[in-house]
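Quick notes on the structure that follows.
The values are calculated or read from the model by the stated rules, or taken from the named source; none is laboratory data. Worth saying up front: this structure is predicted, and the values here are computed from it rather than measured. Don't worry about glycine lacking a Cβ; one is built from the backbone with ideal geometry, like all the others, and counts go over all protein chains shown.
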Amino acid sequence: MSANPSPQARPRYETVRHLVFGSIAAVQNTIKLLHHLNYAEPNDWSKLVPTGQPNEVMAVLTKKVRV
């Protein structure tokens, strides 16, 4: 009997990318909310990037999730 779990028993992970667009305050509040919900650390997000639209920035989070 092998000590390693079978391939079916091992959890699978996939990469997902979250893009958040809005004002600086809205994006920062969303990042804080997702941290409060234990979904992602604030430092895991990209720096805020201007989109070229007035009063709009975006932030990106890349995360591995279990499927």
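Side notes on the structure shown:
- Count of region 32-65 residues which are among the polar types (S, T, N, Q) and either in a helix (DSSP H, G or I) or in contact (Cβ under 8 Å) with a residue 24 or more places away in the chain (or both): 4
- Residue within region 17-28 that is in a strand (DSSP E or B), surrounded by fewer than 13 Cβ atoms within 10 Å (Cβ to Cβ), touching a Ser or Thr at 6+ places or on another chain (Cβ under 6 Å) and modelled with pLDDT of 95 or more present: yes
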